[in-house]
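A quick write-up on the structure given underneath.
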Amino acid sequence: MDKAIVYTSTNCPHCRQVKSYLTENGIEYEERNIEQSDEFAQQVWDMGLRAVPVTVLGEHRIVGMNKLQFHKALNPQG
């Protein structure tokens, strides 16, 4: 699986939870802080989303800290 992309903001507790979850599960990720880059903010907007965290794992887009969605994305066979 490619490296995950995590769209975050600076003082977002759910963003910290997502990053911790990915680290604990050995998933490499690239953090894209929407407050530090208009380009990253626009990417989230273009996805039709208005909040972070947004995690892109392959074809999956996971909004928030949703362990069930992470499990489905990381274990497609069930």
### Message
How much length would be gained if the chain were fully extended between ASN25 and GLU39, taking 0.36 nm per residue of separation minus their Cα-Cα distance, in nm to one decimal?
### Response
2.2 nm
### Query
Semi-axes, largest first, in whole Å: what does sqrt of 5 times each Cα gyration tensor eigenvalue give for the chain?
20, 13, 11
### Task
On the protein heavy atoms, probe 1.4 angstrom, tell me the percent of accessible surface of region 2-69 carried by carbon and sulfur.
44
#### Entry: Highest-first arrangement of 25-31, 9-15, where packing means the average Cβ count within 10 Å
9-15, 25-31
#### Entry: For the chain, calculated [θ]222 nm from helices alone, where every DSSP H run of n ≥ 4 adds -39500 (n - 2.57)
-11000 deg cm²/dmol
## Note on the structure
Taking a probe of 1.4 Å and leaving out DNA, RNA and ligands, the chain shows per residue an accessible area in Å² of 66
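The values are calculated or read from the model by the stated rules, or taken from the named source; none is laboratory data. Predicted model only: the values in this text are computed from it and were never measured. Note: ideal-geometry Cβ built from the backbone for every residue, glycine included; neighbour counts use all protein chains shown. The protein model used for the area step is the full one, side chains on, heavy atoms only, and it has no ligands, DNA or RNA in it. Shrake-Rupley method; radii C 1.70, N 1.55, O 1.52, S 1.80 Å.
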